[in-house]
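To start, the structure under review is shown below, and the notes come after it.
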Amino acid sequence: MTIALPPLTVEMADYEDPLHAADILLLLDAYARDPMGGGEALSEDVRERLLPALAQQPGAFSLIARLGDKAVGLANCFTGFSTFAARPLVNIHDMVVLEGHRGLGIGRTLFAAVEDEARRRGACKVTLEVLSGNEPAKKLYESLGYGQYELDPAAGHALFWQKRLT
């Protein structure tokens, strides 16, 4: 017996829409609680500041994937700039598919929507970061044509580094 799923849709989030805001917080908190997101819930302070802060970021956009009425996936993205191409780029900062809904094509659908939006914005590329131990995500990203960034194989591939500021 086959169970029919509700239709999968992806919509651009409106940071001022209470439903969209609640969905973004729900999905991002689920990601934060996942071991690949750090394993800790979003703090109350972050929950209060996030949506207004996103709304103030030029070039920020979020895409929400829904199965029927249920929010099941999220892509938080930021437009940057490639000096080598002299064109915008889009960075996927967060990619979330709720556990229990993975393997249904939701991630692929979100990536297609991000890439469509990136093209609409005239972007030359889409970038993302992934933890080296996140094999399921890496497998998906590679199947979609993503790979490590390198200019010259002799120089090696780019590494993503950070320094926390206090």
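The values are calculated or read from the model by the stated rules, or taken from the named source; none is laboratory data. From a predicted model like this one, the values you see are computed outputs, not experimental measurements. Note: ideal-geometry Cβ built from the backbone for every residue, glycine included; neighbour counts use all protein chains shown.
Structure above, values below:
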{"read-out": "Condition met for F160 (surrounded by 10 or more Cβ atoms within 10 Å (Cβ to Cβ), farther than 29 Å from G68 by Cβ and touching a residue at least 12 places away in the same chain (Cβ under 8 Å))", "value": "yes"}
{"read-out": "Among the candidates E99, E129, residue that is surrounded by fewer than 18 Cβ atoms within 10 Å (Cβ to Cβ) and closer than 30 Å to P6 by Cβ", "value": "E99"}
{"read-out": "Selection from the range 101-120 of residues that are in contact (Cβ under 8 Å) with a residue 60 or more places away in the chain and outside any helix (DSSP H, G or I)", "value": "L104, G105"}
{"read-out": "Which listed residue is in contact with a Lys or Arg (Cβ under 7 Å, 6 or more places away or on another chain), surrounded by fewer than 19 Cβ atoms within 10 Å (Cβ to Cβ) and more than 30 Å from P6 (Cα to Cα), from T79, T166, T83", "value": "T79"}
{"read-out": "Any hit, the range 8-23, residues being under 22 Å from F160 (Cα atoms), surrounded by 14 or more Cβ atoms within 10 Å (Cβ to Cβ) and in contact (Cβ under 8 Å) with a residue 24 or more places away in the chain", "value": "no"}
{"read-out": "Residues located in the range 34-71, provided they are β-branched (V, I, T) and either out of contact with any strand residue (DSSP E or B) (no Cβ under 6 Å at 6 or more places or on another chain) or farther than 30 Å from C124 by Cβ (or both)", "value": "V46"}
{"read-out": "Residue list for the range 82-100, restricted to those being touching a residue at least 40 places away in the same chain (Cβ under 8 Å), more than 27 Å from L25 (Cβ to Cβ) and β-branched (V, I, T)", "value": "none"}
{"read-out": "Meets criteria (surrounded by 14 or more Cβ atoms within 10 Å (Cβ to Cβ), within 25 Å of A21 (Cα to Cα) and of a type outside the set (V, I, T)) for L140", "value": "no"}
{"read-out": "Scan of the range 77-89 for residues that are farther than 15 Å from L54 by Cα and among the hydrophobic types (A, V, I, L, M, F, W, C), ordered by number", "value": "F81, F84, A85, A86, L89"}
{"read-out": "Residues within the range 20-69 that are in a helix (DSSP H, G or I) and either modelled with pLDDT under 95 or touching a Phe, Trp or Tyr at 6+ places or on another chain (Cβ under 6 Å) (or both), tallied", "value": "6"}
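Here is a yes/no grid of residues against (1) out of contact with any Ser or Thr (no Cβ under 9 Å at 6 or more places or on another chain); (2) of a type outside the set (D, E, K, R):
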residue: G80; (1), (2): no, yes
residue: T83; (1), (2): yes, yes
residue: V97; (1), (2): yes, yes
residue: R119; (1), (2): yes, no
residue: A137; (1), (2): yes, yes
residue: Y141; (1), (2): yes, yes
residue: G147; (1), (2): yes, yes
residue: L151; (1), (2): yes, yes
